[in-house]
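The values are calculated or read from the model by the stated rules, or taken from the named source; none is laboratory data. Owing to the predicted nature of the structure, the values given are computational and were not obtained by experimental measurement. All Cβ positions, glycine included, derive from the backbone under ideal geometry; neighbour counts span all protein chains shown.
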Amino acid sequence: MSSVTLKKVEPIHFKLGNGNFLTASHVIDFEITIQSHRFKVSAVIADNVVGLDLILGNNTLRELGGMLNFRDGSFQIKPKKVYFRPVSNVTVQPGQTKKIIVQARVPSFLRNHEVVLESNCFLAQMCPSQMLVNLRKGRTFIQVTNTSQIRKFFVRSKPVAHLNLNDVALITQDVTPEFLNFLHIAERVNSDSEVSSQQTLRQYNQEKYPHLDPHDPLLDMTEADVFSKHVNLSDSILDLEERSDFHNYVINALGLCHSVLIH
């Protein structure tokens with residue numbers, strides 16, 4: 001596939017479940033042979049679109065237990081839920097907001113991907129019932145707010161949310177105002193004007209990068225902030241679009257690094 005020539009086309013916009021749009025401007029044309037039948041395929045090249053992988057990836061089909069039905073043109077996945085559990089025991093005091101890191105053993109192609117998690121009854125009391133999250137090595141964080149008058153406890157042995165693998169290739173159309181408000185609050189974690197958000201960011205980075213010194217200023221920065229501050233692409237031969245692609249690639253790859261101190 002790497003030898004196939006990219007063709008530039010008019011931008012194609014894909015609407016995502018969170019209301020944002022993904023834009024693709026390249027396609028590739030190729031032929032495949034399945035059971036002595038030859039097919040001509042035009043594939044759109046876009047970030048985070050797993051359709052090509054679902055159809056052509058043998059490892060993905062094996063992990064999902066997927067099956068292509070050529071009679072009705074459908075792709076079927078064996079019903080399966082992947083359950084997410086906290087990485088540590090957490091106590092949330094009344095009126096307190098915390099970010100809880102959760103993890104699960106997900107198929108390899110989803111370990112660093114954007115997915116929709118569904119909260120269980122206990123977790124849904126403190127956050128939306130559906131959440132669009134970014135996985136990093138099968139981990140993500142969930143922001144919860146305890147609005148009750150009693151303490152809430154999260155333990156490592158009990159799942160708090162699940163991912164339905166049947167919904168991997170689907171796009172959530174019904175986005176509630178509650179869900180959009182939650183996304184807005186989550187994005188504000190990068191704002192220096194919000195002291196509580198900055199403290200939450202520091203706590204999250206301390207859990208994600210335990211090898212960093214407690215007084216390291218990197219704990220108060222997002223991965224994108226670190227990259228922008230320490231990497232200068234102004235003298236590179238890349239054009240603006242290529243610099244943006246490279247920037248996004250590196251930021252996504254940071255979640256794959258093991259115990260790396262960034263300077």
Flag for K78 being in contact with a helix residue (DSSP H, G or I) (Cβ under 6 Å, 6 or more places away or on another chain) and either assigned to a loop (DSSP other than H, G, I, E, B) or modelled with pLDDT of 70 or more (or both): no
For V102, only one of the following conditions fails: (1) at pLDDT 70 or above; (2) outside the structural domain of Q143 (by TED's automatic domain parsing); (3) in a strand (DSSP E or B). What is its number? (2)
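Does F109 satisfy the condition of being among the hydrophobic types (A, V, I, L, M, F, W, C), modelled with pLDDT of 70 or more and out of contact with any strand residue (DSSP E or B) (no Cβ under 8 Å at 6 or more places or on another chain)? Even if it seems obvious, please write down each step before you answer.
On the way: among the hydrophobic types (A, V, I, L, M, F, W, C): yes; modelled with pLDDT of 70 or more: yes; out of contact with any strand residue (DSSP E or B) (no Cβ under 8 Å at 6 or more places or on another chain): yes.
In short, yes.
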Return yes or no: is L170 out of contact with any Phe, Trp or Tyr (no Cβ under 6 Å at 6 or more places or on another chain), buried (at least 20 other Cβ atoms within 10 Å of the Cβ) and either at pLDDT 85 or above or not β-branched (V, I, T) (or both)? no
The listed residue being among the polar types (S, T, N, Q) and either free of Cβ contacts under 8 Å to residues at least 12 places away in the same chain or buried (at least 17 other Cβ atoms within 10 Å of the Cβ) (or both), out of S148, S108, S129, S88: S129
